[in-house]
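Some notes on the structure that comes next.
The values are calculated or read from the model by the stated rules, or taken from the named source; none is laboratory data. These figures come from a predicted structure and were not determined experimentally. Cβ placement follows ideal geometry from the backbone for every residue including glycine, while neighbour counts extend to all protein chains displayed. Just the protein is used for accessible areas: all its heavy atoms, side chains included, with ligands, DNA and RNA removed. Shrake-Rupley method; radii C 1.70, N 1.55, O 1.52, S 1.80 Å.
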Amino acid sequence: MTQNTIHPTRRSILKGMTALGVSAAMIPAWLQQAQAMFQDGEIVNASHFGAGYFKIEGGRVVGIRPHEADYVANEMVESLSSWVNAADRVQYPMVRKGFLENGKDSDRTRRGQDEYVRVTWDEAYDLVASELTRVKEEHGNSSIFGGSYGWKTPGLMHHSFNNLYRLLNLHGGFVDDVNSYSTGAIRVIMPYALGGSYSNGTAWPKTIEKTELIVFWGSNPETTCRIGWSVPDHKGMKYLRDFKATGKPSIVVDPIHNATAKLLDSDWVAPRQGTDVAMMMGIAHTLLDEGLHDQDFLDEYTEGFDQFAVYLRGEEDGVVKSAEWASEICGVPADKLRDMARLMASKRTLIQMGWSIQRQHHGEQGPWMAFTLACMLGYVGLPGGGADFTMHYANSGTPKSNVPAFPGFSAGEGSKDMPAPIPVSRVPWVMGNPGAKYDYNGTEYTAPDLRLVYWAGGNPFHHHQERNQHLEYWHKPETIIVNELFWTATARHADIVLPVSTNLERNDMSMFGRSNNGLVAMKQVIEPMYESRTDYQIFTEIAKRLGYEDDYTEGLDEMGHLRNFYEKGRAKAAENGVDMPDFDTFWNDEPMQIFPTSKEAEEHVQFAKTREDPLLNPRGTPSGRFEIYSRKIADYNYDDCPAHPTWMEPIERLGGAMSDRYPLAVNSQHPVNRLHSQLNNTDLRHSYEVGGREPITMNPVDAEARGLKDGDIVRVFNDRGQVLAGLVISEEIAPDHVRICQGGWYDPAEPGVPGTLCKHGDVNVLMPDIGTSKLAQGNCGHTAQAEVEKYESDIPDLGIFKPIA
Ligand SMILES: Nc1nc2c(c(=O)[nH]1)N[C@H]1C(S)=C(S)[C@@H](COP(=O)(O)OP(=O)(O)OC[C@H]3O[C@@H](n4cnc5c(=O)[nH]c(N)nc54)[C@H](O)[C@@H]3O)O[C@H]1N2
Ligand SMILES: Nc1nc2c(c(=O)[nH]1)N[C@H]1C(S)=C(S)[C@@H](COP(=O)(O)OP(=O)(O)OC[C@H]3O[C@@H](n4cnc5c(=O)[nH]c(N)nc54)[C@H](O)[C@@H]3O)O[C@H]1N2
Ligand SMILES: [Mo]
């Protein structure tokens, strides 16, 4: 009954696999059935879950077969037929009743409660155009927020935020956001340490060849590589299997015995959530204490290890960061920490770090400390060693092709007069606090006064933390417009909701594979359902009313743009020695193009050049070396982000603050069978939900202490809110932790009322709305304590996943 038991293992596709150099694997039963079902008259389309052949009958999608170019396909791609046909598609343009009647003077606390009124498309376009004009005239463009963060469907053409940005740029500008929910802290801190980006890690084939030990630290690629930002070929998952085949050892450090640990049969080490920095300190201290650290590497390539060593030895604060000290905090026995230190020093070790640890209070410290540990081990810049921060993400580590990314729909020129973009996890706070000051990465900013919010391609009522607080901030802007496929919680809290066609109802194309490994056509499979239109059509009509239609479309329609992108991309491919067919041949006959990879890309080793010659290839830091101590950060004088990796108590944690009142750490792992909130409204839901609720996983010890049984509907609560969830009892989670995956749809018992019970299990009701620190202001979606009890009242019916007519 746990989420992971339905995780597919070693699924690959026979057809065409030999050609791709993959050994034939067993065809899973679900795929055999799909293949037996249909072969002819299929149309190629693709998504975040993979490419596939779509079968239509009577104008409806009736089946999907994963593409043979997919190395390790999964069932999410198949669920698109249930997705496109979901009962809760937005069918018509809809306007919140209070907004239709009173416009900017409406009672905004009624968002989430008011009924919606169907309007014609013409009325909807006129209303949006007049609101954009009104806000611009009354308050200026700096009152229009268009950041629109989220995981919109892939595609070069129907790139929903570029479609939106182009309109808003033509309109005179808008306030954007910066950074991401994914990499909020790591993206800001690591350039200080590395003098460059943390991404562009070593190619998987080199790692497999040379590594002697991989430590997956808060990392679960077997789950998180199931999707892609563009269309995945799942090659990273193949490499994970190749690594397993070598029989080399791995350790998984995670409070959950995750899917990767299961696949690789790894040594499972479970620290208390939120204590990894202390755990790493204990290992680092052991290395120093036992002389196992690589002093030569530290001398030659790093800056500031001496200051850090003072901290490790406790020479200033009197606290020795020994294995015993660390063990008290992280709960892993001191002997185990010492064993890990000795093992890691004796083998060429790759610390492969996921991103959960930096989505926590003081989340800057985890990746900086992991890199410091890697420097102490001395393998940085060697294949199979060092630290990697991306392999777990969407099949990174797949060697790059020779072809640069194709151009896509352009956002156009931004206005230079706009306020600075808002660090994305601070957006709701900024909405609620116009004029307030905030720090970000060394500079102080003032929150703009946002009056109009436009979202196309994201779901803030899933992705943001502290839902009840969020709801109050959301009352502040006068006008909220959302383009959506479904009645998500965000759509249900908007004033104007415009129905968008899915990628099955429009023509597009996308890069294929993590590293431009191909190009795949995304051909229209069915007619647009109901009155839905593409974001492009919607913004074209709005642009027409505002007088920018020609600039918006450049006189091209959907296919005209696609042809244009293709021909430009094809010319670049040719410059790089890759011949591609003309557009019509691609579109009609060869909709999947696979690009070659160079030997150089296969052999890429991160930081190898610096290691070979640090003088010729210095880092982009002030010292030219990897910085374990950063003078720049010291100069910011932030009380929550010191100048070298430091263990700092988070606002709450297991064994620390709040754990006496709320003894369970809440883990919000990314879900196996969803992409955040996407696909929660499909039939796949029935494979993991419990009593119609989002599952909560708990260790048997904790269930017994609370008198709970498998399948119980429970109430999960803390000072920030309360949700219902369906109990799964499992030893795959360490005691004192519970997991509710991120992305379960928010379903308030009393819509619009802060503090109300979420009937379904949105974990972000429980998580705090704070920045990681003044430096990065990343989100803290993995920092929270809560308590769980049996829900004794009548179980309420769900309000979500249903049409709003
Ligand atoms: N507690 C906690 N919170 C988290 C996280 C966590 O680990 N813990 N993770 C965070 C992370 S890393 C991320 S990236 C975010 C993800 O947050 P989001 O990206 O906002 O989440 P999605 O569910 O992917 O939402 C995408 C929305 O876009 C809509 N959409 C898809 N295609 C189109 C299109 O073509 N046009 C339009 N107009 N809409 C479209 C979908 O229907 C869906 O509602 O969540 C963050 N929140
Ligand atoms: N199937 C699927 N794949 C996805 C996504 C999805 O929604 N579904 N989302 C995609 C996106 S946008 C992103 S950003 C990435 C996210 O990638 P990550 O941020 O790496 O993914 P998470 O699942 O949040 O966390 C990885 C692991 O860290 C563990 N963990 C949590 N807290 C701690 C801790 O305090 N210490 C330790 N040691 N471990 C901890 C979790 O239990 C989990 O197993 O995934 C991407 N891939
Ligand atoms: Mo993400």
**Asked** Which of the peptides 474-484, 219-229 is most tightly packed, and how do the rest follow, judged by the mean count of other Cβ atoms within 10 Å per residue?
**Response** 219-229, 474-484
**Complete:** Taking max minus min of the Cα coordinates of segment 132-274 on each principal axis, largest first, gives extents in Å of 65, 33, 30
**Item:** Across Lys476/Lys802; Lys104/Lys802; Lys244/Lys774; Lys262/Lys347; Lys244/Lys321, pairs whose alpha-carbon gap is larger than 31 Å
**Value:** Lys244/Lys774; Lys244/Lys321
**Fill in**
Listed by chain and number, the lysines with an alpha carbon less than 23 angstrom from that of Lys568, same-chain partners under 8 positions apart left out, are Lys400, Lys523
**Complete:** The percentage of Cα-Cα pairs in segment 378-451 separated by more than 14 Å is 77
**Message:** Can you order the peptides 561-574, 380-393 by their average number of other Cβ atoms within 10 Å per residue, highest first?
**Reply:** 380-393, 561-574
**Asked** the chain: Rg/Rh from Cα coordinates, Kirkwood Rh?
**Response** 0.95
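Students often check this: by mean Cβ neighbours within 10 Å, which of 74-81, 636-643, 241-248 ranks highest, and how do the rest follow?
Highest-to-lowest ranking by the protection proxy: 74-81, 636-643, 241-248.
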**Prompt:** Tell me, what are the semi-axes, in whole angstrom and largest first, of the equivalent ellipsoid of segment 664-790 as set by the roots of 5 times the Cα gyration tensor eigenvalues?
**Reply:** 21, 18, 15
**Request:** Name the residues whose placed amide hydrogens come within less than 5 Å of the amide hydrogen of Gly63, ignoring near sequence neighbours (fewer than 5 apart) on the same chain.
**Result:** Lys55
**Request:** Calculate one ³J(HN,Hα) per residue across segment 477-490 by plugging θ = phi - 60° into the Karplus curve 6.51 cos²θ - 1.76 cosθ + 1.60, and present them in order as whole Hz with x for glycine and proline.
**Result:** x, 6, 9, 10, 10, 10, 9, 9, 7, 10, 7, 5, 4, 5
**Message:** Can you give me the long-range amide H partners of Val690? Hydrogens built in the peptide plane at 1.01 Å from N, cutoff under 5 Å, separation of 5 or more residues or another chain.
**Reply:** Gly726
**Taking the chain and dividing mean pair separation by its residue count, relative contact order in percent (alpha carbons under 8 Å, at least six apart)** = 20
**Item:** Using a Förster distance of 41 Å, the FRET efficiency for Glu789-Lys572 (Cβ separation, nearest 0.05)
**Value:** 0.10
**Complete:** Applied in sequence order to segment 532-547, the curve 6.51 cos²θ - 1.76 cosθ + 1.60 (Karplus, θ = phi - 60°) yields integer Hz couplings, x standing for Gly and Pro, of 5, 9, 6, 3, 4, 4, 4, 6, 4, 5, 5, 4, 4, 5, 8, x
**Asked** Each residue of segment 794-804 in turn: what ³J(HN,Hα) in whole Hz from Karplus with 6.51, -1.76, 1.60 and θ = phi - 60°, glycine and Pro shown as x?
**Response** 5, 6, x, 5, 6, x, 8, 6, 10, x, 10
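Using a 1.4 Å probe on the protein chains only, how many percent of the accessible area of the chain belongs to carbon and sulfur?
46
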**Prompt:** Mean residue ellipticity at 222 nm from the helices of the chain, using -39,500 (n - 2.57) per DSSP H segment of n ≥ 4 over the full residue count, to the nearest 500 deg cm²/dmol?
**Reply:** -8000 deg cm²/dmol
**Request:** For Ser659, enumerate residues with amide H under 5 Å from its amide H, sequence gap 5+ or separate chain, H modeled in the peptide plane.
**Result:** Arg653
